[in-house]
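**Student:** Before I ask anything, let me first share the structure, which is written out below as structure tokens.
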Amino acid sequence: MSTQTFKDLDRKDTVSHRCGVTMNDSADARVIAEVMQEKHGVEVLHYPAMIRLDTEGKMTFEMDELSESLGRAFTTYDFEVVMSTHYGRMVMIDENTVVLFGDMEEARKYEE
């Protein structure tokens, strides 16, 4: 078995505008993945113990849409519990909407 080191990585000095979340594989995460895979540009990857959602630009999670699919109330705080980690700038727009931005300049308009 070989071990890959940082020297072996092919890194590019470019800016990415991608964003995404990783969730532990659970009943809630599977439903969220089903809802999000219907959205344009969202890639869903299933791993043995996690589910990864990635896209270019921004990804919007609407809690009322997720609640309807789950068959029960689902809040932004519930979403934070299901999500293991994220990349990109996460902004809670209101009690119903969480947006991940890949473009940090676009996210800045929500800073106070």
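**Student:** I'd like the full set of residues that are without any contact (Cβ under 8 Å) to a residue 12 or more places away in the chain and in a loop (DSSP other than H, G, I, E, B), limited to region 61-112.
**Tutor:** Matches in region 61-112: G71, R72, A73, D94, K109, E111, E112.
**Student:** Does F74 satisfy being of a type in the set (A, V, I, L, M, F, W, C), within 21 Å of A107 (Cβ to Cβ), crowded, with 18+ Cβ neighbours inside 10 Å and modelled with pLDDT of 95 or more?
**Tutor:** No.
**Student:** Identify, please: which residue in region 26-56 is in contact with a helix residue (DSSP H, G or I) (Cβ under 8 Å, 6 or more places away or on another chain) and assigned to a loop (DSSP other than H, G, I, E, B) and is, among those, surrounded by the fewest Cβ atoms within 10 Å (Cβ to Cβ)?
**Tutor:** S26
**Student:** Ok, one more. Counting just the residues of region 1-24 that are surrounded by 15 or more Cβ atoms within 10 Å (Cβ to Cβ) and of a type outside the set (G, A, S), which one comes out modelled with the lowest pLDDT? Reasoning before the result, please.
**Tutor:** The first filter runs over region 1-24 and keeps only residues surrounded by 15 or more Cβ atoms within 10 Å (Cβ to Cβ), leaving 17-23.
Among the residues that remain, those that are also of a type outside the set (G, A, S) are: 17-19, 21-23.
Values: H17: 91, R18: 94, C19: 96, V21: 97, T22: 96, M23: 97.
Looking at the filtered set, the residue picked out is H17.
The values are calculated or read from the model by the stated rules, or taken from the named source; none is laboratory data. Please read all numbers here as calculations on a predicted model, not as lab measurements. Cβ: placed from backbone, ideal geometry, glycine included. Neighbour counts: every protein chain shown.
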